[in-house]
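First comes the structure, then the notes that go with it.
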Amino acid sequence: MENFIQLTISGIASGAILALVALGFVLIFKSSDVINFAQGEFLMVGGYMTYVMLAWVGLPWFIGVPIAILLSAAIGVAIEQGILRHMIGEPIISVIMVTVGVSILLRAILGLIFGNAPLAFPDFVPNYPVNVLGARVGVDKLLAILFSLLLFGALTIFFRRSSEGIAMRAVADDQQAAMSMGISIKKVWAVAWAIAGMTAAVGGTLLAAIIGGVGLDIAHIGLIVFPVVILGGLDSIPGAVVGGLVVGLLQSYAGGYLPPQLGLSEVAPFVVLVLILLVKPYGLFGTTRIERV
Amino acid sequence: MLQLNNIEVIYSDVVLVLKGLSLEVPKGKIVALLGSNGAGKSTTLKAISGLLKPEDGEVTDGDVLWNGQSIKHLDAADVVRKGIFQVMEGRRVFKHLTVEENLRAGNYTSGGNWYAEELPRVFSYFPRLKDRFGQTAGYLSGGEQQMLAISRALMARPEMIMLDEPSLGLAPLLVEDIFRNIKRINSERGTTILLVEQNARLAMEVADYVYIMESGRVVLSGSPAQLNANADVREFYLGLNEVGKRKSYREVKHYKRRKRWLS
Ligand SMILES: Nc1ncnc2c1ncn2[C@@H]1O[C@H](COP(=O)(O)OP(=O)(O)OP(=O)(O)O)[C@@H](O)[C@H]1O
Ligand SMILES: [Mg+2]
């Protein structure tokens, strides 16, 4: 039982981080139809930004982490304005290749600056164990869950209540009609990339804090983002959250209960993905087209 | 006041759709733009609103003047801020957003400034939207969606609204209701209206001035009374022959074809 609770909480914690990364992916896809293969690298960038702020600059975490998040958002916007904006109207496959290029570039730049070996992450999140339902659980995982929840709550309010958030959903719904209301598509794209950079930075920081180190390999999480978003339905924000949790839990249970030499924790999400897509081809929460004339 | 001076519009660098079109919409008036399918009515509105760009269209000649200033190079977003709002053909409500969110999207350029003030006015024209306020717009009836599309425009408090075929696909009673409200919006708020229609009879009833276009040009214009007296108009656009009876559809078609060929 204790094992089960521990696995569940780690699963939710890594699921929440996955969901943050997936959310950025979904936002970019919804507002501009771009499939961003560099989403995992955004997470890595966020992790390194926090590392720089805490380890190099020596800021306390409550100042350093917000600055790292803002810088990551700015990097997201810079990539959109500097690179992807020029790809408007190009074939989808070219746009995808450009995002693959961006991911390689980001890795190369970070590798140049920080070297290829993982760096020990400053110990700013407490990680002593606490008692949850009789099981000992690292408090860092609980904090990761809490911060992800807070961020999701804030974003939900943003999308439901703020005029910028409604504008973003309007663009996702009907781009030309949104333009006819005076909504600037360029601004919406910039905001989407900023949020994607921001959520990935929060995810990357939380992940690095839990692992205790930051390295180029945390970008691998980008691969797992695909089962997450496809599971949730490429264009659904609640889908990204549920998809993240499902995949996080699956990985955690598969890693904890199945023989480790099979390496199933990496494969399990993909197996379940295929099974779900057989039944629900648009994913669990994918947009059902509303047709009414 | 809006003036189109000899504008030419080309899509994708090759398809010439407007071939020197001129018209004028005086402040506070309702002007109707009539014409058959493919005449270029929607293109004309998009040339004004800046919505040609996403369709790879361009105003290549002539000028679009709004209160004396050229707006032909402006982005759609800037045109809305100048006080011109286009209600696109086919209603185009945001299907996955609620009625409320659709209205707030219409209110976007004001940053939510007069939302609370405008909402009751919108409901005074279209009370049905009040009952549907929290519903997903995609599930509204066609008529309700058209009401929402017009209300979205009202939320931006534009000086001029351009309506592209508001009667499209609606039952006659609903169409009359919508046209009554267009008239009310014009007289109560002083909003200038540029109305594109296929339903010539109804449009002529509300309009102060009418332009008729064929394949990218204005071929006739005048007050509704003048045009009503014009035998051609009665034949081609109102579907009436000299005795005032409805003509059969086939005859009208035949006439239209001949007319196209002549122009
Ligand atoms: N994006 C586009 N690219 C190329 N040609 C276009 C484009 N949009 C419209 N056209 C062409 O321009 C012409 C006029 O189209 P437009 O939509 O303005 O007509 P309309 O008068 O609004 O017709 P309807 O009454 O059917 O709405 C048509 O022949 C159409 O095929
Ligand atoms: Mg049209």
Inset, instruction - Could you please find all residues in segment B:122-160 being open to solvent by 10 Å² or more (accessible area, probe 1.4 Å), free of Cβ contacts under 8 Å to residues at least 60 places away in the same chain and more than 14 Å from chain A (Cβ to nearest Cβ)? - result: B:Phe123, B:Ser124, B:Pro127, B:Arg128, B:Lys130, B:Asp131, B:Phe133
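Each row is one residue, and each column tells you yes or no for (1) under 18 Å from the mean Cα position of the chain (by Cα); (2) free of Cβ contacts under 8 Å to residues at least 40 places away in the same chain; (3) within 16 Å of ligand 2 (Cβ to nearest atom).
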{"position": "B:Val15", "(1), (2), (3)": "no, yes, yes"}
{"position": "B:Gly28", "(1), (2), (3)": "yes, no, no"}
{"position": "B:Leu51", "(1), (2), (3)": "yes, yes, yes"}
{"position": "B:Val80", "(1), (2), (3)": "yes, no, no"}
{"position": "B:Val93", "(1), (2), (3)": "yes, no, no"}
Inset, instruction - Starting from segment B:35-46, keep only residues that are closer than 12 Å to B:Gly57 by Cβ and in a loop (DSSP other than H, G, I, E, B), then list their pairs with residues that are within 6 Å of ligand 1 (Cβ to nearest atom) and open to solvent by 10 Å² or more (accessible area, probe 1.4 Å) whose Cβ atoms are within a distance under 6 Å, requiring at least 6 positions of separation or different chains. - result: B:Gly40/B:Val17
Legend entry - Number of positions in segment B:55-69 that are surrounded by 15 or more Cβ atoms within 10 Å (Cβ to Cβ) and within 16 Å of ligand 2 (Cβ to nearest atom): 1
Inset, instruction - Quick one: in segment B:161-197, of everything that is open to solvent by 10 Å² or more (accessible area, probe 1.4 Å) and within 16 Å of ligand 2 (Cβ to nearest atom), which residue is modelled with the lowest pLDDT? - result: B:Gly169
Inset, instruction - Could you grab me the full set of residues in segment A:191-218 that are open to solvent by less than 10 Å² (accessible area, probe 1.4 Å) and more than 20 Å from A:Pro122 (Cβ to Cβ)? - result: A:Ala192, A:Trp193, A:Ala196, A:Gly197, A:Thr199
Inset, instruction - Mind telling me which of the residues A:Ser184, A:Ser265 ends up being open to solvent by 10 Å² or more (accessible area, probe 1.4 Å), closer than 30 Å to B:Met162 by Cβ and polar (S, T, N, Q)? - result: A:Ser184
Inset, instruction - State whether one or more residues within segment B:200-209 are open to solvent by 10 Å² or more (accessible area, probe 1.4 Å), within 16 Å of ligand 2 (Cβ to nearest atom), in contact (Cβ under 8 Å) with a residue 40 or more places away in the chain and within 18 Å of B:Ile30 (Cβ to Cβ). - result: no
Legend entry - Positions within segment B:94-114 being over 21 Å from A:Ser31 (Cβ atoms), assigned to a helix (DSSP H, G or I) and among the polar types (S, T, N, Q), in sequence order: B:Ser110
Legend entry - Per-region count, segment B:171-199, residues over 14 Å from B:Ile30 (Cα atoms) and within 15 Å of ligand 1 (Cβ to nearest atom): 2
Legend entry - Unmet requirement for A:Ala135, which otherwise passes all of (1) under 27 Å from A:Val267 (Cβ atoms); (2) under 20 Å from the mean Cα position of the chain (by Cα): (2)
Legend entry - Considering residues of segment B:19-38 that are near ligand 1 (Cβ under 10 Å from one of its atoms) and within 20 Å of B:Leu202 (Cβ to Cβ) only, the residue surrounded by the fewest Cβ atoms within 10 Å (Cβ to Cβ): B:Asn37
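When you scan segment A:160-172, do you find a residue that is open to solvent by 30 Å² or more (accessible area, probe 1.4 Å) and β-branched (Val, Ile, Thr), even just one? Quick ask: steps written out before the conclusion?
Just the residues of segment A:160-172 that are open to solvent by 30 Å² or more (accessible area, probe 1.4 Å), to begin with: A:160-164, A:169, A:172.
Of the ones still in play, those that are also β-branched (Val, Ile, Thr) are none.
No, there is no match, as no residue in segment A:160-172 is open to solvent by 30 Å² or more (accessible area, probe 1.4 Å) and β-branched (Val, Ile, Thr).
Does any residue of segment B:70-93 turn out to be more than 14 Å from ligand 1 (Cβ to nearest atom), open to solvent by 30 Å² or more (accessible area, probe 1.4 Å) and in a strand (DSSP E or B)? Reasoning before the result, please.
First, pick out the residues of segment B:70-93 that are more than 14 Å from ligand 1 (Cβ to nearest atom): B:70-85, B:93.
Going one step further and asking which of them are open to solvent by 30 Å² or more (accessible area, probe 1.4 Å), we end up with B:70, B:72-75, B:78, B:81-82.
If we keep only those that are in a strand (DSSP E or B) too, we end up with B:70.
Taking every residue of segment B:70-93 in turn, at least one turns out to be more than 14 Å from ligand 1 (Cβ to nearest atom), open to solvent by 30 Å² or more (accessible area, probe 1.4 Å) and in a strand (DSSP E or B).
Taking the criterion of being within 22 Å of A:Gly15 (Cβ to Cβ) and either away from chain B (no Cβ under 14 Å) or not charged (D, E, K, R) (or both), would at least one residue in segment A:109-125 satisfy it? Reasoning before the result, please.
Of all residues in segment A:109-125, those within 22 Å of A:Gly15 (Cβ to Cβ) come to A:121, A:125.
So of that shortlist, the ones also either away from chain B (no Cβ under 14 Å) or not charged (D, E, K, R) (or both) come out as A:121, A:125.
Taking every residue of segment A:109-125 in turn, at least one turns out to be within 22 Å of A:Gly15 (Cβ to Cβ) and either away from chain B (no Cβ under 14 Å) or not charged (D, E, K, R) (or both).
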Inset, instruction - Give B:Leu34, B:Leu2 a once-over and let me know the one that is within 25 Å of B:Glu188 (Cα to Cα), away from chain A (no Cβ under 14 Å) and within 14 Å of ligand 2 (Cβ to nearest atom). - result: B:Leu34
Inset, instruction - Return a yes/no flag: does segment A:121-133 have any residue that is exposed (fewer than 13 other Cβ atoms within 10 Å of the Cβ), of a type in the set (Asp, Glu) and either out of contact with any Ser or Thr (no Cβ under 8 Å at 6 or more places or on another chain) or in a loop (DSSP other than H, G, I, E, B) (or both). - result: yes
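Considering only residues that are farther than 18 Å from B:Val31 by Cβ and open to solvent by 30 Å² or more (accessible area, probe 1.4 Å), which ones fall in segment B:1-16? Before the answer, list the steps.
In the first step, residues of segment B:1-16 are kept if they are farther than 18 Å from B:Val31 by Cβ; the result is B:8-16.
Of everything in segment B:1-16, those that are farther than 18 Å from B:Val31 by Cβ and open to solvent by 30 Å² or more (accessible area, probe 1.4 Å) turn out to be B:Glu8, B:Ile10, B:Tyr11, B:Ser12, B:Asp13, B:Val14, B:Val15, B:Leu16.
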Legend entry - helices (runs of 4 or more DSSP H) contained entirely in segment A:1-88, each with at least 2 residues that are under 18 Å from A:His220 (Cβ atoms) and more than 12 Å from the chain's Cα centre (by Cα): A:2-32, A:39-51
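The values are calculated or read from the model by the stated rules, or taken from the named source; none is laboratory data. Nothing here was measured: the structure is a model prediction, and the numbers come from that model. We place every Cβ from the backbone using ideal geometry, glycine too, and count neighbours over all the protein chains shown. We work out accessible area using only protein heavy atoms, side chains counted, and drop any ligands, DNA or RNA first. Shrake-Rupley method; radii C 1.70, N 1.55, O 1.52, S 1.80 Å.
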